[in-house]
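K.L.:
Provided herewith is a single structure, encoded as structure tokens, for subsequent inquiry.
Laboratory data are not the source of any read-out in this text; all were calculated from the coordinates shown. The structure presented is a predicted model; accordingly, all values stated were derived computationally and were not measured. Cβ coordinates were reconstructed from backbone atoms using ideal geometry, including for glycine residues, and neighbour counts include every protein chain displayed.
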Ligand code: HEC
Ligand code: HEC
Ligand code: HEC
């Protein structure tokens, strides 16, 4: 099985290590004085109506809170999802309404402040693994609806797992400096030059869906770039592709219908499936959006000016040779699900024709899917690819990967056996 916690954890690994570095540097000159937090003037809590709860349930999915607060197979929103960092482990918290271990004692104000400013009820700074740099654009009404929904769910008693972060990364006050520099840089504001649908799409993608947390490259201090919004980035060893209309690396040659299909079901005609972290996004979040909201998101994405990828996409090499061994192994191991003509056998999610991952000579995501596998829950049941690491040699895995790139991407793949070595050795040791 694929451990979601692990894939998520790795996802933020590099990001958080650099954030931590930034924090330490910045804290040095800004100092502790700034650690006092601004407090919103208190507005009384909104009564919880069934209408508010229904709206909150929808928004909670659109914002994908479950991705990080629900462990695979665990109680909804009870936290405990591990984020493995080079300097220790951070755990997400219980956000059910339990009064002792959850957020049962939080007022609407407390909750809104956490989402907007990254500050807990007791004034502690929260780590930006909790993507408040995106949620800070959420309207108060929507935040309050999310809280109403969370408070309508069964209470779970689940004490927070203590973080294991080494000094000085465990010094939360130091995050003030980082927030001071970057917190409001991506704050969404409706743009009068955009249509209503496009503004709705921008709000859904930025303030709720936080697409930029994975798809926007980060600057040297690991804050999301303001110039390369959604131009593509690397997250947990996966390439989260360029979502702008750039033709070379972005969505320039996708139709609106293909993009809508991808977000609503997790694969697109002639563009392959959503795998890995993106499969989780579709599974938990975008597939629940109304057709109108998907249309808004598509309209927003289409309107993004083409930006070349911040992620270094190696130049595509034309196909010169195909390793016969790669083909034999593919026929043996993969054609049970992926037909050689690019169709999926029995599942449209397994159609690899036009798949972006196969068109990247570097094979970043092809390597990941062979190492980790991928799964997605769909309206037609679960679609599943198991990991291939452990069952084949490093050489064989590289040959299979390069065959995929040649066959479905018509390029010369440059995957090397070394890309599998460490993971293959540890998988075989088990
Ligand atoms: C990408 C991962 C991620 C997503 C998505 C996410 N969170 Fe979190 N959240 C975390 C982590 C990690 C923490 C713990 C941060 C810390 O301890 O500093 C956290 C902490 C919190 C806290 C502070 C709780 C406390 O007891 O201090 C609240 C409230 C919260 N999240 C609510 C939400 C809501 C509501 C959503 C959806 C709108 C959401 N989170 C989505 C990762 C996430
Ligand atoms: C947790 C990280 C993460 C988040 C959040 C995320 N994505 Fe992705 N996205 C990825 C990764 C990784 C891929 C590559 C998936 C693959 O290899 O199949 C991807 C692929 C895509 C693709 C396919 C692009 C192509 O060229 O094939 C689209 C479209 C997309 N994402 C849209 C979105 C939108 C819209 C949002 C916000 C609602 C979003 N993503 C949020 C990680 C993420
Ligand atoms: C049991 C069926 C099954 C087998 C066997 C299988 N796959 Fe898959 N594969 C899938 C499914 C289903 C998906 C889509 C997963 C998703 O959307 O989460 C997929 C996705 C992929 C992708 C797309 C990754 C991306 O980033 O978009 C590649 C590449 C791939 N498989 C290659 C292979 C190779 C190579 C083999 C043989 C070593 C293989 N698969 C074996 C079912 C399978």
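K.L.:
How do 214, 68, 337 line up, fewest other C-beta atoms within 10 Å first?
P.N.:
337, 68, 214
K.L.:
Next question, about the same structure. Rank 202, 248, 279 by mean-square fluctuation in a GNM of the chain with C-alpha springs under 10 angstrom and give only the top-ranked residue.
P.N.:
248
K.L.:
Modelled label-to-label distance, residue 247 and residue 124, 7 Å Cα→beta-carbon offset: nm?
P.N.:
So the label points at residue 247 and residue 124 sit 5.2 nm apart.
K.L.:
Here's something else I'd like to know. For residue 324 and residue 181, what is the calculated FRET efficiency with R₀ set at 60 Å and r taken between the beta-carbons, to the nearest 0.05?
P.N.:
That pair, residue 324 with residue 181, gives E of 0.65.
K.L.:
Can you compute log10 of I(q)/I(0) for the stretch 110-264 with the Debye formula, treating each Cα as one identical point scatterer, at q = 0.11, 0.17 Å⁻¹?
P.N.:
-0.55, -1.19
K.L.:
Can you give me the C-alpha center-to-center distance between the stretch 321-373 and the stretch 159-190, rounded to a whole angstrom?
P.N.:
Using only Cα atoms, the two centres lie 40 Å from each other.
K.L.:
Same structure again: From the square roots a ≥ b ≥ c of the eigenvalues of the alpha-carbon gyration tensor of the stretch 141-216, which class results: rounded (a/c under 1.5), prolate (a/b over b/c), or oblate?
P.N.:
Note, shape of the stretch 141-216 comes out oblate.
K.L.:
Additional query: How far is helix 108-117 tilted off the main Cα axis of the chain, in degrees rounded to 10, range 0 to 90?
P.N.:
50 degrees
K.L.:
Against the longest alpha carbon principal axis of the chain, how many degrees, from 0 to 90 and to the nearest 10, is the axis of helix 4-30 turned?
P.N.:
Value to nearest ten degrees: 50.
K.L.:
Going by how many other beta carbons lie within 10 Å of each one, how would you line up 234, 269, 283, fewest first?
P.N.:
269, 234, 283
K.L.:
Considering the stretch 324-429, what Rg and Dmax in Å follow from its alpha-carbon atoms?
P.N.:
Cα only, the stretch 324-429: 13.1, 38 Å (Rg, Dmax).
K.L.:
Using 1/(1 + (r/R0)^6) with R0 = 51 angstrom and r between the beta carbons of residue 42 and residue 220, what's the FRET efficiency to the nearest 0.05?
P.N.:
Using R0 = 51 Å, I get an efficiency of 0.85.
K.L.:
Who wins for biggest fluctuation among 223, 66, 257 in a Gaussian network model of the chain, springs between alpha carbons below 10 Å?
P.N.:
Ranking 223, 66, 257 by mean-square fluctuation puts 257 first.
K.L.:
While we're looking at this one, here's another question. With labels modelled as points extended 7 Å from the Cα through the Cβ direction, what inter-label distance (nm, one decimal) is found for residue 291 paired with residue 152?
P.N.:
2.5 nm
K.L.:
Hey, another quick one. Once you have the Cα-Cα distance between residue 340 and residue 410, take 0.36 nm times their residue separation minus that, and quote the gain in nm to one decimal.
P.N.:
Length difference between fully extended and current span is 23.9 nm.
K.L.:
Under the rule a/c < 1.5 gives rounded, and otherwise a/b versus b/c splits prolate from oblate, where does the stretch 203-265 land using the Cα gyration tensor?
P.N.:
prolate
K.L.:
OK, next. Roughly speaking, what % of Cα-Cα pairs in the stretch 49-107 are separated by over 12 Å, rounded to a whole number?
P.N.:
Result: 71 percent of Cα pairs exceed 12 Å.
K.L.:
Sorted from fewest to most neighbouring beta carbons within 10 Å, what does the list 215, 356 look like? Could the numbers behind the result be given before it?
P.N.:
Working: 215 25, 356 19.
Final ranking by Cβ density, sparse to dense: 356, 215.
K.L.:
Here is a further query. From the C-alpha coordinates alone, can you work out the Kirkwood hydrodynamic radius of the chain, in Å?
P.N.:
Here the Kirkwood hydrodynamic radius works out to 22.7 Å.
K.L.:
Moving on to the next point. Per residue and in cubic angstrom, what volume does the convex hull of the Cα atoms of the stretch 256-339 have?
P.N.:
Hull volume normalised by residue count: 153 Å³.
K.L.:
Another question, if that's okay. From the square roots a ≥ b ≥ c of the eigenvalues of the alpha-carbon gyration tensor of the stretch 198-302, which class results: rounded (a/c under 1.5), prolate (a/b over b/c), or oblate?
P.N.:
Rounded, because the longest to shortest axis ratio a/c is under 1.5.
K.L.:
Additional query: Average projected area of the Cα convex hull of the stretch 35-180, in nm²?
P.N.:
8.7 nm²
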